[in-house]
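Working notes, beginning with the structure itself.
The values are calculated or read from the model by the stated rules, or taken from the named source; none is laboratory data. If you're wondering where the values come from, they're calculated on a predicted model, not measured in any experiment. Here Cβ is always computed from backbone atoms with ideal geometry, including for glycine, and neighbour counts include all displayed protein chains. What goes into the accessible areas is simple: the full protein's heavy atoms, side chains included, and nothing from ligands, DNA or RNA. Shrake-Rupley method; radii C 1.70, N 1.55, O 1.52, S 1.80 Å.
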Amino acid sequence: MKPDTNQESSENSTTHFGFKTVSESEKAGKVAEVFHSVAARYDVMNDFMSAGLHRVWKVFTIGRANVRPGMKVLDIAGGTGDLALAFGKKVGDTGEVWHTDINSSMLSVGRDRLIDKGVVLPTAVCDAEYLPFPDNYFDCVTVAFGLRNMTHKDLALAEMFRVLKPGGKLLVLEFSRVYKPLEPAYDWYSFNILPWLGKKIASDEDSYRYLAESIRMHPDQETLADIMREVGFERVQYFNLTAGIAAVHEGIKLG
């Protein structure tokens, strides 16, 4: 549901793209370029970047979702389809899982991967800030490693709240703030090894430098929990994973 917008205001307002300051109207295009570039090698790079831990983090997120047969699930920024595939198996023939992403290249990779596994799910290119779904429709909404790239995180979270049924659950899996004693080593790895891996494996050093920077610009665990509460979520809690390198935030729409 798209609210009234002011194009001139969007062009004049600024936001961050990694460590750079850009206009809000410019950020979406720059983020799109990054993910068009990395889509084909996204899973391979994630394995290298996280030593395969992103798969464990996703399994934990899927477990917290507690999706059952017949449920309706929306996977936002679903990319290569890991969560959508798992949820599709859990909801069965009576359920419904939407695999969505704002980036057509990422969505195409995910859709093809799902089809190769014999799974056909409704797939849609959509902006999380303006979800094309009715109010109170889904039992569960998930977003994994996508929220930090959204310009207006509060608007996106408010849209996720809107489309959830009363009693529905939101799960946000995202890179977060690592425990302080590990910060120096983590920073060195992020700003030296990640761009090098991007250059060697994906032939794209700049995109992976942006991904490292975007993690640092994302709200920390408590700040994100507060934003979720502000848009209406209750029983908000988070679970630090691997010393806070990633975290799962969970919120319930009670009314």
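Numerical summary
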| quantity | calculated |
| --- | --- |
| Residues located in the stretch 93-124, provided they are of a type in the set (D, E, K, R) and under 18 Å from N149 (Cα atoms) | D101 |
| Tabulated pairs, the stretch 108-128, first within 25 Å of A156 (Cβ to Cβ), second part of a loop (DSSP other than H, G, I, E, B) and among the polar types (S, T, N, Q), C-beta under 6 angstrom, 6+ apart or interchain | V109/T80; G110/T80; R113/T80 |
| Hits in the stretch 210-238 - residues which are closer than 14 Å to L170 by Cβ and in contact with a strand residue (DSSP E or B) (Cβ under 7 Å, 6 or more places away or on another chain) | L224, A225, M228, R229, F233, E234, R235, V236, Q237, Y238 |
| Set L211, L194: member being touching a residue at least 12 places away in the same chain (Cβ under 8 Å), closer than 22 Å to T14 by Cα and in a helix (DSSP H, G or I) | L211 |
| Enumerated helices (runs of 4 or more DSSP H) restricted to the stretch 21-100, each holding at least 1 residues that are modelled with pLDDT of 95 or more and over 20 Å from T142 (Cα atoms) | none |
| Options Y130, Y137; residue that is touching a helix residue (DSSP H, G or I) at 6+ places or on another chain (Cβ under 9 Å), surrounded by fewer than 22 Cβ atoms within 10 Å (Cβ to Cβ), among the aromatic types (F, W, Y) and within 27 Å of S23 (Cα to Cα) | Y130 |
| Residue check, Y189 aromatic (F, W, Y), farther than 22 Å from A225 by Cβ, at pLDDT below 95 and open to solvent by less than 10 Å² (accessible area, probe 1.4 Å) | no |
| Residues that are open to solvent by 30 Å² or more (accessible area, probe 1.4 Å) and of a type in the set (F, W, Y), drawn from the stretch 74-106 | W98 |
| Exclusive hit being surrounded by 19 or more Cβ atoms within 10 Å (Cβ to Cβ) and at pLDDT below 90, set L171, L211, L164 | L211 |
| Test: residue in the stretch 107-119 that is of a type outside the set (D, E), outside any loop (DSSP other than H, G, I, E, B), touching a Leu at 6+ places or on another chain (Cβ under 7 Å) and open to solvent by less than 30 Å² (accessible area, probe 1.4 Å) | yes |
